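The values are calculated or read from the model by the stated rules, or taken from the named source; none is laboratory data. This is a predicted model, so every value here is computed, not measured. Counting neighbours? That spans all protein chains shown, and the Cβs are built from the backbone with ideal geometry, glycine included.
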């Protein structure tokens, strides 16, 4: 399979298994869900009655005071007591094996190519760290959410893009399914395409 390089008559040869794979919605959904779940902190926690300090003795005797019986001031019924069904830290990560992850990434790239939302460019370097230069370069790539994949994110490109809403610049080794699925258009350099192929083969 050949992909045309934008602004040139040259093409880059890519593997059919990486950029012409049938789309599997179930597989992509599972991988995207697992990726998002892995990003959850899971650090929420509240104190149960066993975690709250104090309350080692009965606040008053069992009978004869006219008050309801009580065994500890750390009961969930008391102000300052423990929490009923207290929250505990947990791990939300889901297991996704390597073959499934690569298959989902191949399906996403293939669907981007079929929908003509994937462009290959020879290079995407900027001479100056100016946002207007970046926007001028992106004039030929319509889309509100644009992802630029490059082999080396130079300082000029990083500085020019960091203040623009909807533009994401990532290294080819840091590509993830959520970023790709959310993008209106993906722009990749020839070097990054070759690296992605080598990674997903």
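So which residues in segment 36-52 are assigned to a helix (DSSP H, G or I) and either touching a strand residue (DSSP E or B) at 6+ places or on another chain (Cβ under 9 Å) or free of Cβ contacts under 8 Å to residues at least 24 places away in the same chain (or both), if there are any at all?
Our first condition is that a residue be assigned to a helix (DSSP H, G or I); within segment 36-52, this holds for 36-38.
None; the set is empty.
For the list (1) over 26 Å from residue 117 (Cβ atoms); (2) surrounded by 10 or more Cβ atoms within 10 Å (Cβ to Cβ); (3) modelled with pLDDT of 95 or more, I need the number of the one condition that residue 49 fails.
Result: residue 49 passes all but (3).
Is it the case, given these coordinates, that residue 33 is out of contact with any helix residue (DSSP H, G or I) (no Cβ under 8 Å at 6 or more places or on another chain), within 30 Å of residue 174 (Cα to Cα), touching a residue at least 40 places away in the same chain (Cβ under 8 Å) and in a helix (DSSP H, G or I)? Outline the logic, then answer.
Values: out of contact with any helix residue (DSSP H, G or I) (no Cβ under 8 Å at 6 or more places or on another chain): yes; within 30 Å of residue 174 (Cα to Cα): yes; touching a residue at least 40 places away in the same chain (Cβ under 8 Å): yes; in a helix (DSSP H, G or I): yes.
So residue 33 passes the test.
So for segment 14-28 (the condition being closer than 30 Å to residue 76 by Cα and under 31 Å from the mean Cα position of the chain (by Cα)), does at least one residue qualify?
no
Residue 134 versus (1) at pLDDT 90 or above; (2) surrounded by fewer than 17 Cβ atoms within 10 Å (Cβ to Cβ); (3) farther than 27 Å from residue 17 by Cβ: which is the lone unmet condition?
Condition (2) is where residue 134 drops out.
Just the residues that are modelled with pLDDT under 90 and either more than 24 Å from the chain's Cα centre (by Cα) or surrounded by 12 or more Cβ atoms within 10 Å (Cβ to Cβ) (or both), please, taken from segment 139-151.
Scanning segment 139-151 gives 139, 140, 141, 143, 151.
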